[in-house]
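Engineer: This is the structure I want to talk about, given as structure tokens.
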Amino acid sequence: MQDFSDSVAATPLRIGVAGLGNVGATLVRILQKDGVELTKKLGRQIVVTAVAARSRSRDRGIDIAGLEWFDDPVALAKSDGIDLFVELIGGEDGPAFAAVKAALEMGRPVVTANKALLAKHGVALARMAEESGAQLGFEAAVAGGIPVIKTLREGLGSARIARVYGIMNGTCNYILTRMGQEDISFAECLKDAQALGYAEADPSFDVDGFDTAHKLSILATLCFGYEIAPDKIHVEGISKITQADIKVAADLGYKIKLLGMAQRYEDGIEQRVHPTFVPKGSAVAGVDGVMNAVALETDHVHELLLAGPGAGGPPTASSVLSDILDIARGTRVPPLGVPSQELLPYKQAPLRAHDGGFYIRLNAKDVPGALAAIAARMGERGISIESVIQRPDLHVKANAADGQPTRTVVLLTQQTLETTVRESLAQIAADGFIVGEPQLIRIELL
């Protein structure tokens, strides 16, 4: 087992990097370019000595001629030629998990940016690190260049966190920002995001909310001391957001953001990811484009907002480097904020009435009594409707099987349970008064 806190200052810290994509190549470039400056700050040299990637011949804009090459990241993780292993391969299993596991089991510190890996195996990996005495850093796994992990593990002292929420996916935030600024559809925005490199060829992991859910599960564990539980998160994406939704939100003083939210209650934790109406005057509403933001509500500091670039080579590589520097200094903290054996089994909080109410958009058949019947069904389940909006410019085309024309109706409810609203909408659909699937969005009073 290696203890870098006792290292001789003149001894270089030798880094092995597995994965030379955008982030990996940027990290190697920074360490090669800024090596002298980093040595001055630390009193110790940090040097990349070995790398692993799929293609040796690919031009990455970095000099790898003097570096030891490994085709197998597990072999790199076990190599005697490195002191610290950096995993930038990605994926929740496969080579990434095998390599990180191999390094931790032999007491070698690990830095990773892999949120999928941590969401699935984070507790087990933390336990391995604690048993072998290795450090495990993952600042870059959540919100790219924002130091939220370090803040939670080291910066809040005894503050008790009640709620964490934020914008954790730059792809979704870029699309919703563009839709709010220009009269263009989700599909058009997504196409532009792919052309600019903000979205993958298969964007479903981002736009369906699962990337945000992985990050939220990690934050919830650090905030509340429960085991990581990504499968206990209610997840909705943004692909069904239309210009009708954007326009109503703007007219009512809101923006639509994809938020990940986790909250502590006396009887458990609530975690959810979904599009949300947020007040234009709230801090999170001003976070646009590919930027991310994480808000922490605590008993000592009412609300702390951390904002910055959430993805991309330089911001993510900067967070990886931050972990490397902490390890070089000998900083030691439990990977998940508390020792893994002290983490509580995850307990899901019962559903509660939502204070902010709900936005509901539906295509109602244009027949006498349809709107009254819809309102009556809502009333049967105790749902109070705050307002009803009908405007020609909001109409979303929908074709009934019987050819009946439709009109778009927007309902805003008062405080109620989401399950109650969904049950009511299911009954309304069964009555035959609406066409297509209703849109349901929470309104948050941030």
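Please treat every number below as a calculation from the coordinates, not as lab data. What you are looking at is a predicted structure, and each value in this text was computed from that prediction instead of being measured. Cβ coordinates were reconstructed from backbone atoms using ideal geometry, including for glycine residues, and neighbour counts include every protein chain displayed.
Engineer: With 10 Å bins from zero, work out the P(r) of region 148-309 over every alpha carbon pair and list the percent per bin.
Structural biologist: 11, 40, 34, 14, 2
Engineer: So in the chain, what percent of DSSP beta bridges are antiparallel if you round to the nearest 5?
Structural biologist: Of all bridge pairs located within the chain, approximately 65 percent are antiparallel.
Engineer: Show log10 I(q)/I(0) for region 335-388 at q = 0.25, 0.26, 0.30 Å⁻¹, two decimals, from a solvent-free Debye sum over equal Cα scatterers.
Structural biologist: Reported log10 I(q)/I(0), two decimals: -1.11, -1.15, -1.27.
Engineer: So, by mean Cβ neighbours within 10 angstrom, what's the order for 324-334, 371-381, 203-213 with the highest one leading?
Structural biologist: 203-213, 324-334, 371-381
Engineer: Starting from a Cα-only point model with no solvent, please compute log10 I(q)/I(0) by Debye for region 358-443 at q = 0.16, 0.19, 0.24 1/Å.
Structural biologist: The Debye formula, applied to the Cα set alone, gives -0.55, -0.79, -1.28.
Engineer: Next question, about the same structure. List, in the order given, every pair from LYS40/LYS115; LYS41/LYS101; LYS150/LYS247; LYS150/LYS191; LYS232/LYS257 whose Cα-Cα distance in the structure shown is over 27 Å.
Structural biologist: From the list (LYS40/LYS115; LYS41/LYS101; LYS150/LYS247; LYS150/LYS191; LYS232/LYS257), the Cα-Cα distance tops 27 Å for LYS40/LYS115; LYS41/LYS101; LYS150/LYS247; LYS150/LYS191.
Engineer: Find which of PRO95, GLY237, GLY313 sits farthest along the positive direction of the dipole of the chain, computed with +1 on the beta-carbon of Lys and Arg, -1 on that of Asp and Glu, about the Cα centre.
Structural biologist: Most positive-ward Cα: GLY313.
Engineer: How large is the charge dipole for region 358-443, taken about the Cα centre, if only the Cβ atoms of Lys, Arg (+1) and Asp, Glu (-1) carry charge, to the nearest 20 debye?
Structural biologist: 140 debye
Engineer: Next question, about the same structure. Counting only Cα, what are the radius of gyration and maximum Cα-Cα distance Dmax of region 80-228, in Å?
Structural biologist: Just the Cα atoms of region 80-228 yield Rg and Dmax of 17.4, 57 Å.
Engineer: Hey, what do the phi angles of region 303-308 turn into as Karplus ³J(HN,Hα) couplings, whole Hz, using 6.51/-1.76/1.60 and θ = phi - 60°, x for Gly and Pro?
Structural biologist: For region 303-308, the Karplus-derived couplings read 8, 10, 10, 10, 9, x Hz, x marking Gly and Pro.
Engineer: Per DSSP H run of at least 4 residues, take -39500 (n - 2.57); add these up for the chain, divide by its residues and hand me the 222 nm value, nearest 500 deg cm²/dmol.
Structural biologist: -10000 deg cm²/dmol
Engineer: Oh, and also: Roughly how tilted is helix 170-181, in degrees to the nearest 10 and between 0 and 90, from the longest Cα axis of the chain?
Structural biologist: 40 degrees
Engineer: Where does the chain land on the Kirkwood hydrodynamic radius, alpha-carbon pairs, in angstrom?
Structural biologist: 23.6 Å
Engineer: ³J(HN,Hα) across region 160-167 via Karplus (A = 6.51, B = -1.76, C = 1.60, θ = phi - 60°), whole Hz, x for Gly/Pro?
Structural biologist: Each residue of region 160-167 in turn: 9, 8, 9, 8, 10, 8, x, 9 Hz.
Engineer: Here's something else I'd like to know. Using the Cα centre as the reference, give the magnitude of the dipole from point charges on the C-beta atoms of the chain (Lys, Arg: +1; Asp, Glu: -1; all else neutral), rounded to the nearest 20 debye.
Structural biologist: I would put it at about 400 debye.
Engineer: Related question: For region 55-62, just list the computed ³J(HN,Hα) in residue order, Karplus coefficients 6.51, -1.76 and 1.60, θ = phi - 60°, integers in Hz, with x standing in for Gly and Pro.
Structural biologist: 10, 7, 8, 5, 7, 10, x, 10
Engineer: To continue, here is another question. Put +1 on the Cβ of each Lys and Arg and -1 on the Cβ of each Asp and Glu in region 64-196; which of THR171, GLY155, GLN135 then has its Cα farthest toward the positive end of the dipole?
Structural biologist: In region 64-196, that residue is GLY155.
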